[in-house]
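Encoded as structure tokens, the structure appears first; notes follow it.
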Amino acid sequence: MDLAIIDQTQDGVSRYHQDLVRAVLDYAGAYLDLAADTEMSVTFLNNDAIQQYNRDYRGLDRPTDVISFAIEEQGEDSPVIFDEDMAADLPENIGDILVSVDIIASQAEYLGHSYERELGFLVVHGFLHLNGYDHMLGEAEEKEMFDLQRKILDDYGLTR
């Protein structure tokens, strides 16, 4: 996984937590059988910054824990034209995940598990959204996504 980690927090995200995100997402990418050169980013924010994204892109003027921005495939009207050989050589960029470090801490405390478990839960949750999973479509889709999310985290070792 070609993962860009961007830290825009006031206090900074530790190298340990950044490495954990890399490892969990590499594991999740292998679990979904994604190409090794798949690209994506994770941006760490504080509540005030993620609230702006939530307001601007989702119409909800409050902080949230995680937001995913999937990069959709280009349509036929796409201004970027690649021949098939060139397109085959380019890595796939699946999108961006924004995570509030403030909410990670408060949710971990509220739920009675570690900061690391909540961090893993949120990045895997966002990652699954980038890969087409959506718990908002109905009960069956919600069960599929949450079961997969739990399996990835448990198999990785981030249990509750």
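Computed from the coordinates by the stated procedures, all read-outs in this text should not be read as laboratory data. Predicted, not measured: the structure shown is a model, and the values here were computed from it. We place every Cβ from the backbone using ideal geometry, glycine too, and count neighbours over all the protein chains shown.
A few points about this structure:
- C-alpha long axis of helix 101-111 to longest principal axis of the chain, angle in °: 60
- Think of the chain as a dipole: +1 on every Lys or Arg Cβ, -1 on every Asp or Glu Cβ, centred on the Cα centre; then among 140, 115, 64, 115 lies furthest on the positive end.
- Assigned charges on the beta-carbon of Lys, Arg, Asp, Glu; the chain dipole about Cα centre (debye): 960
- Only helices enter the 222 nm calculation for the chain: every DSSP H run of n ≥ 4 contributes -39,500 (n - 2.57), and dividing by all residues gives -16000 deg cm²/dmol, rounded to 500.
- Under a 5 Å amide H cut-off, with hydrogens placed 1.01 Å from N, residue 39 pairs with 2, 92, 93, 94 among residues at least 5 apart or on other chains.
- Protection proxy ranking of 96-103, 30-37, by the mean of other Cβ atoms within 10 Å over each peptide's residues and highest first, is 96-103, 30-37.
- Phi-derived couplings, Karplus 6.51 cos²θ - 1.76 cosθ + 1.60 at θ = phi - 60°, listed residue by residue for segment 9-24: 8, 5, 9, x, 9, 5, 4, 4, 6, 5, 5, 4, 4, 4, 5, 5 Hz, with x used for Gly and Pro.
- The charge dipole of segment 28-71, taken about the Cα centre with unit charges on the Cβ atoms of Lys, Arg (+1) and Asp, Glu (-1), comes to about 220 debye, rounded to the nearest 20.
- Relative contact order (%) - the chain, alpha-carbon pairs under 8 angstrom, separation at least six: 25
- With both residues required to sit in the chain, DSSP beta bridges show an antiparallel share near 30%.
- In degrees, nearest ten, helix 115-130 long axis to first principal axis of the chain (Cα): 30
- Euclidean distance of C-alpha centroids, segment 115-160 and segment 1-28, integer Å: 17
- Mean projected area (nm²) of the alpha-carbon convex hull when the chain is viewed from all directions: 10.8
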